[in-house]
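One structure is given below, encoded as structure tokens.
The values are calculated or read from the model by the stated rules, or taken from the named source; none is laboratory data. Keep in mind the model is a prediction, meaning the values are calculated, not measured. Here Cβ is always computed from backbone atoms with ideal geometry, including for glycine, and neighbour counts include all displayed protein chains.
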Amino acid sequence: MSHVACPLFAGILDEEREFQIEDYEGALARWCSGCGDHAVLAAAQRLLRTEQLAPEKTVFVSGIGCSSRFPHYMKTYGFHGLHGRALPVATGVKLSRPELDVFVVMGDGDCCSIGAGHWIHALRYNVNMTALLLDNAIYGLTKNQTSPTTPEGHRSNTHPRGSILPSLNPLTVSLGVTNASFVAQTAEWIPAHLEATLAAAHRHPGFSFIRILQRCPEFTPHLYEGLLKDPASTELLVHDDGVNLPSLEKIYPTRTLHDPGDLARARSLAEDQGTVRLGGFFRDPSRPQYQEISRPPRRTVAQRISRLNEELDRHAV
Amino acid sequence: MASEATAGPEGTVAVAGPEAGPAVRSVREHTVEIVSDPGEGAQKCAQIFGALSAKMGNGVWTVEIIPAEIQPPPRLPDGASGNRVRIGSGPVTNWGDAANLVVAFNEQVLLRRHRLDALAPDAIVLVEDMWKDHPDEAIRTQWAEAMEELTREASYRIIPVPMEERCLTVVEETRRGKNMFALGILAWIYQRDLELVRAQIAHAFRKKSQEVYDRNVELLDLGYAWADEELDFRIHVPAAPGDEATVVMNGNQALALGAAASGMELCSMYPITPATSVSHYLAEIFESFGGRVHQAEDEIAAAGVAVGASYAGKVAFTVTSGPGVALKTEFLGLAVMAEIPMVLIDVQRGGPSTGLPTKVEQSDLLAAIFGQPGDAPKVVLAPATIEECFHSVVAARRIAEALRCLVIILSDANLATGVQPFPRPDPQEEWFGAAPDLSPVPEGALPYDWNEETGLSERIVPGRAGGMHTVTGLSHDEHSRVAYAAAIHQQSCAMRSRKLAVFQKTLRPPSLYGDEEGDLLVVGWGSTKGAIEEAVDRAREKGLQVSSTHLTFLSPLQPGLGELFGRFDRVMTVEINYSDDLDAPYIDEENRRRGQLAWLLRAQTLVDVDCWTRVYGEPLRPADILDGIRGRLKKGEGT
Ligand SMILES: Cc1ncc(C[n+]2csc(CCOP(=O)(O)OP(=O)(O)O)c2C)c(N)n1
Ligand code: SF4
Ligand SMILES: [Mg+2]
């Protein structure tokens, strides 16, 4: 109910409607069984129910990839566009309709390879939306090609003798961009953490970027095995301004208090790839948001006509 | 070229001037060039002269002379910068053939124009004379060599002008003063109303101080006085100030203003010549119309933001040139596939690749129509005049919305920088369009509820209760569900295509310029209209049975073409894009690559359409077109 654009309508529309999970369920998800994308979908639906977001005022924008099928499985508005180009489309949606709640779902090829330019600039524009990077460290849809986040040495169809480059670190890249305002990491196999991270991202005013570690049993089945077998090897970053779930303490005992206001520490924590850290890395709600700072005033048709006449007069002979 | 260069002042009447005064030559039209090194302000001088002439009731066409080098050293032929201003008693629709009068700030830039055949053989040349006796011997030699070259073939009337010397009596730094001195000379020669000149200077320098204005007027008076003392001729181009309200601007300003008048609220762009100035002007004014210019991180994002904005609300547009169109291709296909109304403005330049960034070409036609992989039907239209630049944007937004489709406007570098007066548009409420419908959708409404007959459907934007669906660039059914069944793809392709046929039925056949039938029909599109019609006029004066027609819509093509073509023995397109010449080595009818409109018309009408095309990076000259017409008719030589 918190997201009603006009308070006048609050009584008529939203209070009568109590959205259930089914209200957010679209087509039947066709990902492989055991695919981590299912868990992200479920968490997103729970977030929308918790926040009681009106399905018609919510838009999920995606690119192309397994993960980008996401909008079809939601019963909100959706835009399943081009490989790598979800962010410009989402930016356009938000610029023209700032009252809509916009989510972006991308794969690692989508976001960190073909669409990497847009990723950098979306962080800088800081348009108020929530971006999810579903990182399975592989190209899933096109069947097992190396992605920028594929670990060095991992064999794929394009690198049958193992990937030859060190993998790209989406966190350090994001944290390096001027005007980035929210960077977090979570894993789809810890539903409570995933949902809490999504909620924090959604609450954040500005562009929230979440990298979600995502299992792909089809092509990278062993990638996160170690983390799953030994939860203590995952370090949770906890803070009241980030993600803090005492309920997870028992299973995930390795915890570090990290203030997401501290960018330098966020960068050094992200840089060290020896340990997988989940939680809020960085957050600054005061960063300028592009959709606001570039927003033109509203003009009626009559006002426009009179402006046009003025402008034509300037060119009059 | 040179043989026809005198066509302009044809019909010249020598009129005896007032007693003891200079001879006043009365002409139907005259073409003036003002050229200098970049930064010396020749363009400002020419712009003021053009606007002034329009105000006094002359027809005017102004076109920029753009240096071939970006930061040329002084006195380099390739650095020639300035404008051509063609003024006439009636409307002027193109830049003409060759200049009748030139003001040059040094002999090197003059040489460039000479070498480009830009000057009529009998042109009057007013050239700064400070270089003649310059202390630097190298410069003196250059001057002497230039004069030798200039007088070798042509019979220009060269008049040295002491610009530097005179200007120094008023200013210390002449670099920014000579242009107003030159304006004074032109004002005297063409008998411009000095009050109006001053008003125009005030307008041009409205952002500058009173001091700047005063100094400029002083220089103007100085130039005027010099001409009065020294020149023995004046030129009279009769003008008929009409009472119709008129505006004057260049094509890119007209596109920008058209966008503001179209009700669109987002221009999403990435800088590229020669399109950028559309967004420069919009960046100045759009906000006050409730619009926004989004400078995206790249061409692709510029298209993507426009697609996203159009999908969610009011139709948005993106503006670019050839290389940008190439990059936006995938998004254009998506807009077609998902039936997202959107407008793309392509201000064409020379290609392929980076090509000729500042120069005119009409070579994106086929890329616009067929450039997207898959079948991507869309509306493509091309304004032919500055006025049409304005109205084409208003129309494009409306067509995009009505058909729920992509509309591409093909302008070009000639229109972009050409300045021409036209009737003041009369703003209409409906130009601005309505805000998208946000009411709950009726029960059972579908995102692609195609009318089987017309292919038309109503779009559902986000925010409408009950209308939730996911738009996709994958083949989809009327629910927007990804559809892999062959029958659905066949059906949806037909629906997207059908819309064009429906639209085509609302179009009128193109009108004919000249007789209803004859030996040759010239077909053009875009910015060449004025030059083609002028060439046709001259051909007809010489007794040739030539008519022309000009196409505004290229996709779908206007109706009635086959029938129209049938009334002429031959049909030939005239275009600024590449085609093989039939007499070139290896080239024959079978392997000849033709002009882009010619390809299209041949395919669509099965008529053996010929073409005459040139890619000199400059607008077509009527005299050249006339040569082309004569060559094709294989008669009329020597007339
Ligand atoms: C322009 C373009 N290039 C290539 C493709 C083919 N393609 C589709 S998805 C994809 C990669 C998918 O990988 P990722 O983004 O990681 O998503 P995932 O399938 O792993 O979720 C590729 C290369 C395409 N659709 N468009
Ligand atoms: S291939 Fe991998 S990412 Fe794609 S659906 Fe299957 S498990 Fe998921
Ligand atoms: Mg992937």
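From the set of residues in the range B:68-112 that are assigned to a strand (DSSP E or B) and not hydrophobic (A, V, I, L, M, F, W, C), which is surrounded by the fewest Cβ atoms within 10 Å (Cβ to Cβ)? Steps first, answer last, please.
Taking the range B:68-112 and keeping what is assigned to a strand (DSSP E or B), we get B:81-88, B:99-104.
Of the ones still in play, those that are also not hydrophobic (A, V, I, L, M, F, W, C) are B:81-84, B:86, B:88, B:100.
On the way: B:SER81: 24, B:GLY82: 30, B:ASN83: 24, B:ARG84: 25, B:ARG86: 27, B:GLY88: 22, B:ASN100: 24.
Ranking the candidates gives B:GLY88 first.
It is to be established whether one or more residues within the range B:248-260 are under 25 Å from B:VAL27 (Cβ atoms) and more than 22 Å from the chain's Cα centre (by Cα).
No, the conditions are met nowhere in the range B:248-260.
Yes or no, residue by residue, for (1) within 14 Å of another protein chain (Cβ to nearest Cβ); (2) out of contact with any Asp or Glu (no Cβ under 8 Å at 6 or more places or on another chain); (3) of a type in the set (Gly, Ala, Ser):
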residue	(1), (2), (3)
B:ALA395	no, yes, yes
B:ILE408	no, no, no
B:VAL419	yes, yes, no
B:GLY473	yes, yes, yes
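When you go through B:GLN210, B:GLN191 one by one, which is the residue that is farther than 30 Å from B:SER411 by Cα, without any contact (Cβ under 8 Å) to a residue 12 or more places away in the chain and surrounded by fewer than 18 Cβ atoms within 10 Å (Cβ to Cβ)? Outline the logic, then answer.
Values: B:GLN191 fails: without any contact (Cβ under 8 Å) to a residue 12 or more places away in the chain.
On inspection, the qualifying residue turns out to be B:GLN210.
Failed condition for A:GLU25, given (1) within 16 Å of ligand 1 (Cβ to nearest atom); (2) out of contact with any Pro (no Cβ under 7 Å at 6 or more places or on another chain), with all others met?
It is condition (1) that A:GLU25 fails.
Which of the following residues is under 30 Å from B:LYS505 (Cβ atoms) and of a type in the set (Gly, Ala, Ser): B:GLY617, B:GLY595, B:GLY628?
Testing whether each residue is under 30 Å from B:LYS505 (Cβ atoms) and of a type in the set (Gly, Ala, Ser) leaves just B:GLY595.
Quick one: what pairs do we get from the range B:423-439, first residue buried (at least 16 other Cβ atoms within 10 Å of the Cβ), second modelled with pLDDT under 95 and acidic (Asp, Glu), C-beta under 8 Å, 6+ apart or different chains?
What qualifies is B:ARG424/B:GLU244.
Are any of the residues in the range A:103-116 within 13 Å of ligand 3 (Cβ to nearest atom) and among the aromatic types (Phe, Trp, Tyr)?
No, because not a single residue in the range A:103-116 is within 13 Å of ligand 3 (Cβ to nearest atom) and among the aromatic types (Phe, Trp, Tyr).
From the list B:PHE370, B:PHE331, which one is free of Cβ contacts under 8 Å to residues at least 40 places away in the same chain and more than 14 Å from chain A (Cβ to nearest Cβ)?
On the way: B:PHE331 fails: more than 14 Å from chain A (Cβ to nearest Cβ).
Residue meeting the stated conditions: B:PHE370.
From B:VAL319, B:VAL336, B:VAL307, B:VAL293, which residue is in contact with a Cys (Cβ under 8 Å, 6 or more places away or on another chain) and either facing chain A (nearest Cβ under 8 Å) or surrounded by fewer than 21 Cβ atoms within 10 Å (Cβ to Cβ) (or both)?
Answer to the check: B:VAL336.
Would you check if A:GLY34 is surrounded by 24 or more Cβ atoms within 10 Å (Cβ to Cβ) and on the phi > 0 side of the Ramachandran plot?
Here the answer is no, as A:GLY34 does not meet what is asked.
Which one is farthest from the other protein chains (Cβ to nearest Cβ) among residues in the range A:125-142 that are near ligand 1 (Cβ under 9 Å from one of its atoms) and either assigned to a helix (DSSP H, G or I) or over 12 Å from the mean Cα position of the chain (by Cα) (or both)?
Filtering the range A:125-142 for residues that are near ligand 1 (Cβ under 9 Å from one of its atoms) and either assigned to a helix (DSSP H, G or I) or over 12 Å from the mean Cα position of the chain (by Cα) (or both), the one farthest from the other protein chains (Cβ to nearest Cβ) comes out as A:ALA137.
Select from the range A:144-167 the residues that are out of contact with any helix residue (DSSP H, G or I) (no Cβ under 6 Å at 6 or more places or on another chain), assigned to a loop (DSSP other than H, G, I, E, B) and within 12 Å of ligand 1 (Cβ to nearest atom) and list them in ascending order.
Filtering the range A:144-167 down to residues out of contact with any helix residue (DSSP H, G or I) (no Cβ under 6 Å at 6 or more places or on another chain) leaves A:144-146, A:150-167.
Imposing the further condition that a residue be assigned to a loop (DSSP other than H, G, I, E, B) reduces the set to A:144, A:146, A:150-167.
Result: A:ASN144, A:THR146, A:THR150, A:SER156, A:ASN157, A:THR158.
For the range B:56-67, which positions are outside any loop (DSSP other than H, G, I, E, B) and hydrophobic (A, V, I, L, M, F, W, C)? Let's see the steps before the verdict.
Within the range B:56-67, the subset outside any loop (DSSP other than H, G, I, E, B) is B:59-65.
Residues satisfying the conditions are B:VAL60, B:TRP61, B:VAL63, B:ILE65.
Please go through the range A:209-234 and give me each residue that is more than 13 Å from ligand 1 (Cβ to nearest atom) and either assigned to a helix (DSSP H, G or I) or surrounded by fewer than 22 Cβ atoms within 10 Å (Cβ to Cβ) (or both), ordered by number.
Scanning the range A:209-234 gives A:PRO221, A:HIS222, A:TYR224, A:GLU225, A:GLY226, A:LEU227, A:LEU228, A:LYS229, A:ASP230, A:PRO231, A:ALA232, A:SER233.
Name the one entry in A:GLY92, A:GLY78 that is buried (at least 24 other Cβ atoms within 10 Å of the Cβ), more than 11 Å from ligand 1 (Cβ to nearest atom) and more than 15 Å from the chain's Cα centre (by Cα).
None of the others qualify; the one that does is A:GLY92.
A:VAL173 - would you say it is aliphatic (A, V, I, L, M), in a loop (DSSP other than H, G, I, E, B) and either within 15 Å of ligand 3 (Cβ to nearest atom) or buried (at least 16 other Cβ atoms within 10 Å of the Cβ) (or both)?
Considered against the rule, which asks whether it is aliphatic (A, V, I, L, M), in a loop (DSSP other than H, G, I, E, B) and either within 15 Å of ligand 3 (Cβ to nearest atom) or buried (at least 16 other Cβ atoms within 10 Å of the Cβ) (or both), A:VAL173 comes out as no.
Each row is one residue, and each column tells you yes or no for (1) away from ligand 3 (no atom under 16 Å from the Cβ); (2) surrounded by 24 or more Cβ atoms within 10 Å (Cβ to Cβ).
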{"site": "A:HIS121", "(1), (2)": "yes, no"}
{"site": "A:ASN126", "(1), (2)": "yes, yes"}
{"site": "A:LEU132", "(1), (2)": "no, yes"}
{"site": "A:TYR139", "(1), (2)": "no, yes"}
{"site": "A:THR142", "(1), (2)": "no, no"}
{"site": "A:HIS154", "(1), (2)": "no, no"}
{"site": "A:ILE164", "(1), (2)": "yes, no"}
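Looking at the range B:234-246, is at least one residue within 30 Å of A:SER306 (Cα to Cα), part of a strand (DSSP E or B) and within 14 Å of chain A (Cβ to nearest Cβ)?
There is at least one residue in the range B:234-246 that is within 30 Å of A:SER306 (Cα to Cα), part of a strand (DSSP E or B) and within 14 Å of chain A (Cβ to nearest Cβ).
Considering only residues that are in contact (Cβ under 8 Å) with a residue 24 or more places away in the chain and over 25 Å from B:THR358 (Cα atoms), which ones fall in the range B:609-631?
The answer is B:VAL609, B:ASP610, B:LEU626, B:ASP627, B:GLY628, B:ILE629, B:ARG630.
Would you point out the residue of the range A:280-317, among those that are in contact (Cβ under 8 Å) with a residue 12 or more places away in the chain and of a type in the set (A, V, I, L, M, F, W, C), that is nearest to B:GLY50 (Cα to Cα)?
Per the criteria, the residue is A:PHE282.
Could you name every one of the strands (runs of 3 or more DSSP E) located completely within the range B:4-52 that has at least 2 residues being at pLDDT 95 or above and of a type in the set (D, E, K, R)?
It comes to B:29-36.
Could you figure out which of (1) touching a Cys at 6+ places or on another chain (Cβ under 6 Å); (2) surrounded by fewer than 20 Cβ atoms within 10 Å (Cβ to Cβ) isn't true of B:GLY566?
Status for B:GLY566: all satisfied but (1).
Only one of (1) surrounded by fewer than 16 Cβ atoms within 10 Å (Cβ to Cβ); (2) in contact (Cβ under 8 Å) with a residue 12 or more places away in the chain; (3) not small (Gly, Ala, Ser) is not met by B:LEU582, so which one is it?
Result: B:LEU582 passes all but (2).
Which of the residues that make up the range B:443-471 are of a type in the set (Gly, Ala, Ser) and within 14 Å of chain A (Cβ to nearest Cβ)?
B:ALA445, B:GLY463, B:ALA465, B:GLY466, B:GLY467
Pick from B:GLY543, B:GLY562, B:GLY530: which is of a type in the set (Gly, Ala, Ser), at positive phi and either assigned to a helix (DSSP H, G or I) or touching a residue at least 60 places away in the same chain (Cβ under 8 Å) (or both)?
Working: B:GLY562 fails: at positive phi; B:GLY530 fails: at positive phi.
So the residue among B:GLY543, B:GLY562, B:GLY530 that is of a type in the set (Gly, Ala, Ser), at positive phi and either assigned to a helix (DSSP H, G or I) or touching a residue at least 60 places away in the same chain (Cβ under 8 Å) (or both) is B:GLY543.
Being touching an Asp or Glu at 6+ places or on another chain (Cβ under 7 Å) and on the phi > 0 side of the Ramachandran plot, is that true of even one residue in the range B:492-506?
Taking every residue of the range B:492-506 in turn, none turns out to be touching an Asp or Glu at 6+ places or on another chain (Cβ under 7 Å) and on the phi > 0 side of the Ramachandran plot.
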